[in-house]
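Single-structure report; data block below.
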Amino acid sequence: MLVGIVGKPNVGKSTFFSALTMATAQIASYPFTTIQANRGVGYVRGPCPHVQFGKPCNPNNSICDSGIRFVPIEVLDVAGLVPDAHAGRGLGNKFLDDLRQADAFIHVVDASGGTDFEGNPVGIGTHDPVLDVNFLEKEISYWVFGILEKQFQKMAKQAKLAGAKIEAALAEKLTGLSITESHIHAALRMASVDADPTLWSDQDLLKFCETLQKISKPMIIAANKADIAPPENIERLRATGYVVVPTSAEYELALRRATKAGLIRYTPGDCKFEYSDQSKLNAGQLAACTKMSDWLGKNSNTGVQAVLEQVVFKVLDMMIIYPVEDEHKWMDKQERVLPDAYLMRRGSNAKDLAYKVHSDLGDNFIRAIDGKTHMTIGHDHVLKDNDVIKIVARA
């Protein structure tokens, strides 16, 4: 799974990326600090079943810490987007090309209203952050529109002459953007356009692209710089209909770096931290820690970890499933307990899990066994979050 971090320049995207992944990214308070896309790994959390099982686990593709399983998510931080990026302005073409494979977007918005459309600093509260949400939607929609525009009428007429639906042709055209036929079918149903695509105007095609963008590349808003943002800006962002999480990437990065340096003990997503040894901190560091502690107390967390978990578990509607070879001991062939944790969409069934583990298991699926109840389940059995499942397949 790939989550793209998007937004205009100088809103704290690279700080957010570094705080989330602890990967190195160039950070500065001027536009276009990021030129090349940064890749890193963040983690989403869930309770590890080993606590219920009563035996320690041996994670292979994830991490377990104090009964919490941390499942990796690939995160991509791209160059900032400016108006008319779809036409190549700024670093627009590169920005959009880097995002082709993203499953969802985290839109980092300067909730303080302290940067204009170009990312230049302005007075706090001067710029309306809702306008940033609107323009990013527009740019991505026009990006998809530009890919389809020249060939669309030809595809529509060919599909009509063949007595076929246009979904397959559109899916083939957009396959490089990780847009599926099911995404296209849903967008056609929801876009309120003519059932006959040969009758579409450019505005109809754009309306379809706007709907497709929201379905195939769902987005969550990280209302960044929330520690200095006017409260009404957060509420106005929420009125856009997106999931909005107030964040302070600067605080999160400082907390993670202080933990790495051994100055404090802090787990990402927690509402507090503890000092390792206050005598090691100078007056400035103590003042900064006090400020961050007060903010955490009022806001529960910095929001950075919460954004990733919300985009995975709420926006993409994923759950964590644990496949095993031995349904009684919850082990794989190497006798590792609960080695792997997979993210699956809610509604996925046992056969979907088999294909997720390996295509051969899916092709030769016979049945599955629930490791918690030891009951045999069929291919269409709908999985639940935190299930432990054995797949039985033909050799």
>> Looking at the chain only, what percent of DSSP beta bridges run antiparallel? Nearest 5 please.
In response: 60 percent
> How do the peptides 277-287, 248-258, 302-312, 126-136 rank, highest first, by the average count of neighbouring beta carbon atoms within 10 Å per residue?
Replying inline: 302-312, 248-258, 126-136, 277-287
> Straight-line reach from K8: which lysines have Cα under 27 Å away, leaving out those fewer than 8 places along the same chain?
Replying inline: K94, K138, K207, K214, K217, K225, K314
> What is the spin-label model distance, in nm, from Q203 to D326 if the labels are put 7 Å beyond Cα along the C-beta direction?
Replying inline: 6.7 nm
>> Roughly how far apart, in whole Å, are the Cα centres of region 366-395 and region 175-195?
In response: 32 Å
>> For K390, give me every one of the lysines with a C-alpha distance below 17 angstrom, ignoring sequence neighbours fewer than eight places off in its own chain.
In response: K329, K333, K351, K356, K372
> Using a simple spin-label model with points 7 Å from Cα along the Cα→Cβ vector, what separation in nm is obtained for T180 and D294?
Replying inline: 4.9 nm
> How high is the FRET efficiency between D277 and V392 when r is their beta carbon distance and R₀ equals 51 Å, given to the nearest 0.05?
Replying inline: 0.40
>> Which one, A350, A261, A162, has the greatest fluctuation when you compute a Gaussian network model over the chain with C-alpha springs under 10 angstrom?
In response: A162
> Add -39500 (n - 2.57) for each DSSP H run of 4 or more in the chain, then divide by its residues: what number comes out at 222 nm, to the nearest 500 deg cm²/dmol?
Replying inline: -11000 deg cm²/dmol
> If we count other beta carbons within 10 Å of each Cβ, what is the order of L316, L170, fewest first?
Replying inline: L316, L170
> How high is the relative contact order of the chain, in percent, counting Cα pairs under 8 Å that sit 6 or more residues apart?
Replying inline: 16 percent
> Counting every Cα pair in region 153-209, what percent are over 15 Å apart?
Replying inline: 46 percent
> In which sequence would F208, F70 go, from the one with the fewest C-beta neighbours within 10 Å to the one with the most?
Replying inline: F70, F208
>> Taking the number of other C-beta atoms within 10 Å as the exposure measure, put W330, W200 in order starting with the fewest.
In response: W200, W330
> Excluding same-chain residues fewer than 8 positions from K280, which lysines have a Cα within less than 23 Å of its Cα?
Replying inline: K260, K272, K291
>> Would region 319-393 count as rounded, prolate or oblate if I go by the C-alpha gyration tensor, calling it rounded below 1.5 in a/c and otherwise prolate when a/b exceeds b/c, oblate otherwise?
In response: rounded
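Every number in this text was worked out from the coordinates using simple rules, so none of it is lab data. The model shown is predicted, which means the values in this text are computed figures rather than measured ones. For neighbour counting, all protein chains shown are included, and Cβ atoms are generated from backbone atoms with ideal geometry for every residue, glycine included.
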